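To keep things clear, I will list the structure first and then write my remarks on it.
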Amino acid sequence: MSGTTGGEVLARMLQAEGVEQVFGIIDGTYFGFYSALHRLGIGIVTPRHETSAAHMAGAYARLTGKLGVCMASNGPGVANLLPGLVVEQAEGNRVLAITSARRPGIMYPDRGGAYQCFDQTGVIGKLAKWSTAVSSPDRLPELARKALRASFEGRPGVVHLDVPETIMNGKLEREPALWAPARSRRRSPLEPAMADVEEAARLLRQASAPMLHAGSGVIHAQAFTALARVAEALQAPVTTSWAARGVLSESSPLAIPMPHVELNHKVRNDADVVLILGSRLGETDWWGRPPYWRDPSTQRAIQVDIDGAMIGLNRPVDLGIEADVGRFLTLLAEALERTPMLEAQRGLHGSRIAAYQRRIAADRAGWDKALDDVAVPMHPAHIASTCRAVFPKGTVLVADGGNAAIWTMFHHLMEVPNTLLSTFKFGMLGAGPAQAIGAAVARPGQPVCCIIGDGAMGFHPQEIESAIRLGAPVVFIVMVDRQWGMVKMNQQFMLRPIKTMLFKHLDADETIKADLGEIRWDDLARSMGAHGERVSEAAALRPALERALASGRCAVVHVDVDPVKHMWAPGLLHFKKMHEEPAGR
Ligand SMILES: Cc1ncc(C[n+]2csc(CCOP(=O)(O)OP(=O)(O)O)c2C)c(N)n1
Ligand SMILES: [Mg+2]
């Protein structure tokens with residue numbers, strides 16, 4: 001007997017990977033694991049629902065570039081973990097889920113009637129990148145190495161290792177040989193071929209209207225500086241996926257913020273050469289297809305992705321490059337900077353950029369007219385605008401909820417890269433509180449701002465107590481319209497479109513189950529030890545937020561918004577269109 005439990009082996013392997021935090025709820029079935037984490041000085045961050053553990057790990061991974069590890073116990077714990085894993089896989093965050101399982105002899109396959117038991121790898125295997133059950137103590141290090149490799153290879157996502165309670169808590173026969181991470185994985189990032197970098201530089205330089213499109217891959221590669229260098233050298237506009245907003249600071253004249261949806265369509269149609277970076281061009285990028293993007297026959301596409309399976313997935317490419325986006329951008333920047341652009345070309349690009357900037361300013365002026373509305377209850381446009389004035393630059397913002405998230409997106413400006421969290425691919429109401437706490441763990445000592453709908457906040461309000469217990473200074477701003485606002489708006493158009501257009505809303509008895517009762521979020525917050533505020537007037541919002549921030553602890557600001565104005569969020573027609581198959585091929 002070695003005296004070492006399987007759980008301890010796993011904990012040591014995570015320590016060797018540099019894991020500093022694990023998110024999850026404790027259970028006897030993996031005491032061997034979490035007690036070893038504790039002994040080794042690895043933080044255990046405990047939410048009050050397993051799905052929160054997955055979201056915390058995902059947010060932490062996205063903000064730090066590290067591995068996000070979550071854990072859950074067999075049966076109910078894993079069942080509760082599932083929605084979080086589905087979302088984190090869709091969002092593409094690097095999450096390793098470690099779960100306990102019942103003893104091997106009764107679980108795979110289920111003997112019938114086993115307690116707290118279901119086909120965990122069967123279910124998670126369907127939704128994750130990789131999922132395997134450890135079949136014997138001897139194979140634990142090998143399978144854990146495979147899980148770690150899967151975590152770091154290809155598009156980030158969810159990887160799952162299922163470990164029977166008997167292995168988690170039982171002593172191993174022999175002390176296992178643990179390999180350092182670099183002994184079973186590549187050491188350096190995937191380099192692009194220089195010939196491809198030079199070809200990309202040539203195509204982009206010769207373009208009359210080059211553009212860059214960045215997805216979350218740029219965030220995972222933390223390639224913000226290299227991206228800015230390339231955009232600058234080419235004087236090329238940069239569009240992004242919703243999730244990658246701000247990879248180029250939106251204070252740059254080259255940034256085309258996503259809320260300017262029509263302008264995004266225009267830029268994507270003007271461009272004759274497009275460099276696609278760490279993006280699949282999925283549905284929220286309008287599939288890279290006409291009429292939202294120029295026809296591929298007249299627009300050349302260079303696509304760079306860490307995952308070869310993403311290349312040419314939704315739009316054909318002229319030059320596909322499987323490489324680390326950060327390394328590619330650095331080499332491309334060097335190539336472009338070696339031969340500076342001719343003045344005449346710079347002038348041409350400059351006038352195109354200036355025209356885009358005028359459009360951005362005009363859109364913004366239009367949206368900001370709403371800020372003149374000081375009626376009570378508040379116009380929802382005030383909230384994100386006031387947050388920008390109150391929170392320090394670079395504060396992580398979490399946007400959750402239907403129209404609450406839309407209003408937030410249109411009135412926020414992403415000045416610092418990688419400071420925005422939401423579930424842009426999945427639109428998962430209620431992920432925000434856990435993401436916000438994960439962000440606070442990732443950026444200790446910094447406040448986090450979470451703007452959330454009253455429907456969404458109702459999914460996981462218990463995490464206010466987690467924020468208090470963990471000392472996470474999250475300020476939750478709950479937009480209270482007492483309805484499932486986004487869905488109600490859609491419903492009104494389905495039921496009585498003309499009346500909706502004429503009167504802006506239907507009568508109370510004309511909609512179906514779209515209304516909610518009131519929860520006093522400020523009172524609820526106080527009951528858990530958080531700071532609470534309630535505001536209905538625009539002028540009172542700023543001082544309330546300042547008090548919330550100054551409290552230095554978790555705070556909840558209940559903001560009453562006008563329910564009708566709240567329903568008329570900007571850009572709704574674009575999102576409706578986005579759900580339809582684009583006309584062009
Ligand atoms: C978990 C989950 N359930 C259901 C939906 C469908 N849905 C999308 S928006 C929405 C209404 C959101 O209401 P609320 O959070 O109050 O935000 P509001 O639109 O009122 O600002 C619903 C139910 C969803 N996106 N996620
Ligand atoms: Mg609502």
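Go through the residues of the range 354-372 one by one and say whether even a single one is open to solvent by 80 Å² or more (accessible area, probe 1.4 Å) and at pLDDT below 95. Checked against the condition, which is being open to solvent by 80 Å² or more (accessible area, probe 1.4 Å) and at pLDDT below 95, the range 354-372 yields no hits at all.
Going through (1) surrounded by fewer than 22 Cβ atoms within 10 Å (Cβ to Cβ); (2) more than 12 Å from ligand 1 (Cβ to nearest atom) one by one, Gly458 falls short only on (2). Of all residues in the range 4-31, those being under 13 Å from Met71 (Cα atoms) and in a helix (DSSP H, G or I) number 8.
If you check Gly445, Gly401, Gly438, Gly471 for being within 14 Å of ligand 1 (Cβ to nearest atom) and of a type in the set (Gly, Ala, Ser), only one passes: Gly401.
If we scan the range 232-239, do we find a residue that is aliphatic (A, V, I, L, M), without any contact (Cβ under 8 Å) to a residue 60 or more places away in the chain and closer than 20 Å to Arg315 by Cα? Let's see the steps before the verdict.
Step one: of the range 232-239, the residues aliphatic (A, V, I, L, M) are 233-234, 236, 238.
Now restrict to residues that are without any contact (Cβ under 8 Å) to a residue 60 or more places away in the chain: 238.
With closer than 20 Å to Arg315 by Cα added as a condition, the list becomes 238.
Yes, because at least one residue in the range 232-239 is aliphatic (A, V, I, L, M), without any contact (Cβ under 8 Å) to a residue 60 or more places away in the chain and closer than 20 Å to Arg315 by Cα.
Each residue in the range 398-431 was checked for being open to solvent by less than 20 Å² (accessible area, probe 1.4 Å), within 15 Å of ligand 2 (Cβ to nearest atom) and assigned to a loop (DSSP other than H, G, I, E, B), and 2 pass.
Contact map, the range 381-404: residues that are touching a residue at least 12 places away in the same chain (Cβ under 8 Å) and among the basic types (Lys, Arg) paired with residues that are open to solvent by 20 Å² or more (accessible area, probe 1.4 Å) and more than 12 Å from ligand 1 (Cβ to nearest atom), Cβ distance under 8 Å, separation 6+ or inter-chain. Pairs shown: Arg388/His412; Arg388/Leu413; Lys393/Glu415; Lys393/Val416. Screening Ser131, Ser136 for residues that are of a type in the set (Ser, Thr, Tyr), free of Cβ contacts under 8 Å to residues at least 40 places away in the same chain, farther than 23 Å from Pro76 by Cβ and open to solvent by less than 70 Å² (accessible area, probe 1.4 Å) leaves exactly one candidate, Ser136. Exactly one residue among His412, His379, His349 is within 27 Å of Gln235 (Cβ to Cβ) and within 16 Å of ligand 1 (Cβ to nearest atom), and that residue is His412.
Check whether at least one residue in the range 196-206 is within 24 Å of Tyr60 (Cα to Cα) and either at pLDDT below 95 or surrounded by fewer than 24 Cβ atoms within 10 Å (Cβ to Cβ) (or both), and report yes or no. Within the range 196-206, not a single residue is within 24 Å of Tyr60 (Cα to Cα) and either at pLDDT below 95 or surrounded by fewer than 24 Cβ atoms within 10 Å (Cβ to Cβ) (or both).
For every residue, the table says whether it meets (1) open to solvent by less than 50 Å² (accessible area, probe 1.4 Å); (2) more than 13 Å from ligand 1 (Cβ to nearest atom); (3) part of a helix (DSSP H, G or I).
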{"site": "Arg542", "(1), (2), (3)": "no, yes, yes"}
{"site": "Leu545", "(1), (2), (3)": "yes, yes, yes"}
{"site": "Arg553", "(1), (2), (3)": "no, yes, no"}
{"site": "Asp560", "(1), (2), (3)": "yes, no, no"}
{"site": "Lys565", "(1), (2), (3)": "no, no, yes"}
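When the residues of the range 3-21 are filtered to those that are of a type in the set (Val, Ile, Thr) and closer than 19 Å to Pro164 by Cβ, the one that is modelled with the lowest pLDDT is Thr4. Can you give me the number of residues within the range 175-184 that are open to solvent by 60 Å² or more (accessible area, probe 1.4 Å) and not in a helix (DSSP H, G or I)? Of the residues in that region, 4 qualify.
For every residue, the table says whether it meets (1) more than 13 Å from ligand 2 (Cβ to nearest atom); (2) open to solvent by less than 10 Å² (accessible area, probe 1.4 Å).
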| site | (1), (2) |
| --- | --- |
| Ile468 | yes, no |
| Pro473 | yes, no |
| Val487 | no, no |
| Gln492 | yes, yes |
| Pro497 | yes, no |
| His505 | yes, no |
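Of everything in the range 380-389 that is within 17 Å of Ala550 (Cβ to Cβ) and open to solvent by 20 Å² or more (accessible area, probe 1.4 Å), the residue that is farthest from ligand 2 (Cβ to nearest atom) is Ala389. Looking across the range 188-211, the residues that are within 27 Å of the chain's Cα centre (by Cα) and more than 18 Å from Thr298 (Cβ to Cβ) come down to Ser188, Pro189, Leu190, Glu191, Pro192.
Residues are listed down the side, and each one gets a yes or a no for (1) in a helix (DSSP H, G or I); (2) closer than 21 Å to Ser536 by Cβ:
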site	(1), (2)
Ala436	yes, no
Gly445	no, no
Cys450	no, yes
Ala456	yes, yes
Ala467	yes, no
Met479	no, yes
Thr500	yes, no
Glu518	no, yes
Leu524	yes, yes
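The values are calculated or read from the model by the stated rules, or taken from the named source; none is laboratory data. This is a predicted model, so every value here is computed, not measured. Cβ atoms come from the backbone with ideal geometry, glycine included; neighbour counts cover every protein chain shown. The protein model used for the area step is the full one, side chains on, heavy atoms only, and it has no ligands, DNA or RNA in it. Shrake-Rupley method; radii C 1.70, N 1.55, O 1.52, S 1.80 Å.
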